[in-house]
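What follows is a short report on a single structure.
Any read-out appearing in this document is the output of simple, stated calculations on the displayed coordinates, not a laboratory observation. Fair warning: this is a prediction, and the values are worked out from it, not measured in the lab. Here Cβ is always computed from backbone atoms with ideal geometry, including for glycine, and neighbour counts include all displayed protein chains.
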Amino acid sequence: MKTISKQQLKNLCKNGTCIDSIGEYPSVIIHPDGTITKLWKRKKSLFSSDRFRSYAQRFIDNATGLTAKGINVPDILNHAVLEGERISIVSYRALPGNSIRDLLKDSPERVDIPALGRYILSLHDKGIFFRSIHFGNIILLPDNNYGLIDITDVRYYKNPVPLRRRAVNLATPLRYSDDADRIKAAQLPDLIDSYLSALEPNARDKERFLEQINRCLN
């Protein structure tokens, strides 16, 4: 990890497109070469977990952990802190492809819901609970595999994710009404049915799973 000056950060902004902000600083810079610089500001609270393990470090650790489990994620390039500020900075190479959310908007015929259900199942089978799961954070890669972005918040289980937690996780992207409406409008298969078809639970587990899904969605 290195320290960069405010002038160096300004140069980064000049050489890219700034998106969103954290106070006077950008929170995301997209560069012409396809790389991305993301900034996090440490919280002042003594009780914040960010004081012990920064969001930037979590992003880096999860990139390493997910890659080790065979999950496509952004490739980390640099880690820095801003001189005199509680700002952590990570630069990484963006995943190629399109988010499922963008495809639902522009090319819904390219969204393979059964394959997506199998992909989410594979995450759960590997003990990966991706808390930030929604269709904007799942990328369809050019080779038709999938990848994850915005990977700051991930929990790892030693064994496959428990059934109840799987249901909670699967319900999360369906709580975004625009995405759910686009799936219905395009007459695409149901994500829950697709997941269960791949999971093949017994009748009792299926009932419990659907009960939990309904609690999350209602």
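Descriptive notes on the structure:
- Qualifying residue in the stretch 145-168 (condition: in contact with a Cys (Cβ under 9 Å, 6 or more places away or on another chain) and within 19 Å of Arg215 (Cβ to Cβ)): yes
- The number of residues in the stretch 7-38 that are closer than 19 Å to Ser54 by Cβ and basic (Lys, Arg) comes to 1.
- Among residues of the stretch 67-101, those that are part of a strand (DSSP E or B) and of a type outside the set (Phe, Trp, Tyr), counted: 17
- Residue in the stretch 34-49 that is over 19 Å from the mean Cα position of the chain (by Cα) and among the hydrophobic types (A, V, I, L, M, F, W, C) present: yes
- Verdict on Gly84 being surrounded by 16 or more Cβ atoms within 10 Å (Cβ to Cβ), in contact (Cβ under 8 Å) with a residue 60 or more places away in the chain, of a type outside the set (Phe, Trp, Tyr) and touching a helix residue (DSSP H, G or I) at 6+ places or on another chain (Cβ under 8 Å): no
- Within the stretch 165-218, considering residues that are of a type in the set (Ser, Thr, Tyr) and under 14 Å from Leu121 (Cβ atoms), the one farthest from the chain's Cα centre (by Cα): Ser197
- Set Arg175, Arg204, Arg208: member being surrounded by 13 or more Cβ atoms within 10 Å (Cβ to Cβ) and of a type outside the set (A, V, I, L, M): Arg208
- Residue in the stretch 42-49 that is over 30 Å from Ala186 (Cα atoms), assigned to a loop (DSSP other than H, G, I, E, B) and touching a strand residue (DSSP E or B) at 6+ places or on another chain (Cβ under 8 Å) present: yes
- Near pairs, Cβ below 6 angstrom, 6+ apart or cross-chain, from the stretch 125-146 (of a type in the set (Asp, Glu)) to any residue that is in a loop (DSSP other than H, G, I, E, B): Asp125/Pro160
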